[in-house]
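Below: the structure, in structure tokens.
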Amino acid sequence: MSAGAKKQLRDFRAPDEIGAESRAWDVVRSAYLERERHVARRPTWRLAVAPALAIIVAALVLSPAGASVRRLINHALGEKHAAPALFALPSSGRLLVSGADGAWTAAADGSVRRLGAWSQASWSPHGLYVAVASGDQLAAVDPRGTVRWRLARSAVSDPRWYSPSGYRVAYLSVGTLRVVADDGTGDHPLATGVAHVAPAWRPGAALGPFELAYVTARGRVVVRNGDTGRILWSTAPGPRPFELTWSADGRRLLVLSRHQARTYSAGGALTSRITLPGAASDGALSPDGRELALVVGGREVVVGRGGSFHEVLPGAGVKAVSWSPDGRWLLVSWPAANQWVFVRVAGTPRIEAVSRISQQFSSGGAALAFPVLDGWCCTAEGSAG
Amino acid sequence: MSPAGESVRAESLAVSGELGRRRARPPRSEQALIRGALAGSEADLEALFRRFWPRAYRAAFLIVHDHAAAEDIAQEAFLAAIRRLDRFDRRRRFGPWLGAIVANRAIDWARARSARRETADGGADPPSPPDTPVGRYSQEVLAALAALTPEHRAVIALRYLLEYSPGEIARTLELPRGTVNSRLRRGLDALETRLKEMDR
């Protein structure tokens, strides 16, 4: 056996190692910080060091050069003055979240309701039903959690309703894109070799055409008719998208990848390509389709239009964003701080934070887990976010 | 990179220099870093991450040949490791423990991708541009191993990237020791042939 061959293996280098390491560290660090918050026992030496550390931190923060340090500390572990519970939403509508302890809704008055042991959920366009998925089950439930129909398919994920009528539901199942009618009938495969990215229905008339965008395993974006299967258009393989969103009027499709936002016309023409201000991990188009909110580098939330972005919330470990139905607020999910932060982006800037989110969406049985934001219902065309 | 990350890098640079030989302390053991991370030290966690990430990512990439998937696999492995850190038996080595998670997840991913390909319809995607590694002979390594199954590639990655012993590989992948040896031989033969072709 050749020593040369072994050496080549030892010297092997994968693509973009530094970038991958940096992105992964952001995620791993956030998970670690979140875990640390759940560890009750603290070593005694930390208690002994705490007063000294407090003096050092105070000195740094009070010094003229400490402004950036103060900002960092303010946002390292969440917003100060966070409410201890979700007493009310700052805007109208209802939230849908899901996670290890099931799917939940939160009403405008802050009351929460568990829909059942579902790991993913999606509002119907007018919030009358919720498509839920878990393991090998897809179901439609009403907002009380009553199951209206149920379907068994392998490894179901990412259900999405057609807007505005909700007459179809698209979902993924082991690399296959499938479509089912809103009463649970007519389930059929639409495409195989599909990437694990939620599909997006193009908003249209109540009775269609039911046009559906999805991402292939090779990174192409394809738009098909959801009933006939006919391919309407597709892109060349490009940067791997992690999110697809149609504008509310159905005239533009936003394709988000880590470093790039592309928009396409309804006919498939590339209309813009924007380089993002960092590695994006989540993004949401405002209900009017004019502004884009992004989580960048796991460290900040930015909002912008036409390639010009401004920071609305810095914070180590911020995870996801969702627009309020009226487009005036952004809800930022911040697992590392166990907080939700509502940021008013229209009119006078304002921030309202709520802490102990994991505890509020827990039935007490499972270990605490921070829930995933599934949408803030509802705009005229469908749930936002 | 966080300030803690900068200090980790600075430490490793100092060790390699003249100044470093006089001043630098030996790197902390992985057991000490795990203890520190369990006690709440983010710096220790970062040191642990920086020490093991590159090889975990390379191993995943060598098995799946897809850098986005490799990044996800290595990242998920670290997240799984953090979740289980307080149950980790500190008499064991962290690297092999992490490597086992990476290898098994990468094999599962590669198998799932193969299954998807087999069921793909006529309108399947054209091949995308290959992920290009950057090391001097990395492209040749990748090409030489492309003909092997993910399971074969996992054996190679575990042995020569993660430096497992054949016995450790056999236990990790639940394979007979002889199978591990034959897969190692076949992988090295493929690579050697490719390198000879290059030299001509």
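Throughout, read-outs are computed from the coordinates displayed, never taken from laboratory work. Because the structure is predicted, anything quoted here is derived from the model rather than measured. Don't worry about glycine lacking a Cβ; one is built from the backbone with ideal geometry, like all the others, and counts go over all protein chains shown.
The label point for A:ALA205 and the one for B:ASP189, both projected 7 Å from the Cα toward the Cβ, are 6.6 nm apart.
Applying the Karplus relation 6.51 cos²θ - 1.76 cosθ + 1.60 with θ = phi - 60° to the range A:115-123 yields 3J(HN,Hα) values of 8, x, 7, 10, 8, 9, 8, 8, 5 Hz, where x marks Gly and Pro.
Its Cα centre serving as origin, the range A:94-377 has a Cβ charge dipole (Lys and Arg +1, Asp and Glu -1) of approximately 460 debye. Each of A:THR263, B:THR149 was scored by other Cβ atoms within 10 Å of its Cβ. Arranged with the fewest first, they read B:THR149, A:THR263. Neighbouring Cβ atoms from other chains, within 10 Å of the Cβ of residues in A:103-116, number 0 on average.
Full extension of the segment from A:SER272 to A:ALA100, taken as 0.36 nm per residue of separation minus the current Cα-Cα distance, would add 58.1 nm. Rounded, prolate or oblate: which fits the range A:94-377 when a ≥ b ≥ c are the square roots of the eigenvalues of the alpha-carbon gyration tensor, with rounded for a/c under 1.5 and prolate only if a/b beats b/c? Because a/c hits 1.5 or more and a/b fails to exceed b/c, the range A:94-377 counts as oblate. Under 5 Å from the amide H of A:ARG148 lie the amide H atoms of A:ALA140, A:VAL141, A:ASP142, each residue being 5 or more positions distant or on a separate chain, with H modelled from the backbone and absent for Pro and chain starts. Annotation for B:GLU151 and A:ARG251: the two label points, set 7 Å from Cα along the Cα-Cβ direction, are 5.6 nm apart.
Amide H contacts for A:GLY375 (H built 1.01 Å from N in the peptide plane; partners 5 or more residues away or on another chain; cut-off under 5 Å): A:LEU96. Summarising the label geometry, the points placed 7 Å from Cα in the beta-carbon direction at A:ALA152 and A:LYS6 lie 5.2 nm from one another.
With neighbours defined as other Cβ atoms within 10 Å of a residue's Cβ, the residues B:ILE107, A:ILE351 order from fewest to most as A:ILE351, B:ILE107. Rounded to the nearest Hz, the phi-derived 3J(HN,Hα) couplings of the range B:163-170 under the Karplus curve 6.51 cos²θ - 1.76 cosθ + 1.60 (θ = phi - 60°) are 6, 6, 7, x, x, 5, 4, 4, where x marks glycine and proline. Taking the Cα centre of the range A:154-254 as origin and assigning +1 to Lys and Arg Cβ atoms and -1 to Asp and Glu Cβ atoms, the resulting dipole is close to 420 debye. Within the same chain, lysines fewer than 8 places from A:LYS319 are excluded, and of the rest, none has a Cα less than 17 Å from its Cα.
Among A:HIS259, A:HIS81, which comes first, then next, by fewest other beta-carbon atoms within 10 Å? Display every interim value, and only then the final one.
Values: A:HIS259 14, A:HIS81 8.
So the ranking, lowest neighbour count to highest, is A:HIS81, A:HIS259.
Phi angles across the range A:157-167 convert, under the Karplus curve 6.51 cos²θ - 1.76 cosθ + 1.60 with θ = phi - 60°, into 3J(HN,Hα) values of 7, 6, x, 9, 8, 6, 10, x, 8, x, 6 Hz, Gly and Pro given as x. Entry note, the range A:94-377: relative contact order of 12 percent, from Cα contacts under 8 Å with a spacing of 6+ residues.
What is the average number of partner chain Cβ atoms found within 10 Å of a Cβ in B:173-184? Present the calculation step by step, with values, prior to reporting the outcome.
Details: counts 0, 0, 0, 0, 0, 0, 0, 0, 0, 0, 0, 1.
Partner Cβ neighbours, averaged per residue: 0.
Mind checking which lysines have their Cα closer than 23 Å to the Cα of A:LYS6? Skip sequence neighbours fewer than 8 apart in that chain. Answer for A:LYS6, where 23 Å is the Cα cut-off: B:LYS196, listed by chain and number.
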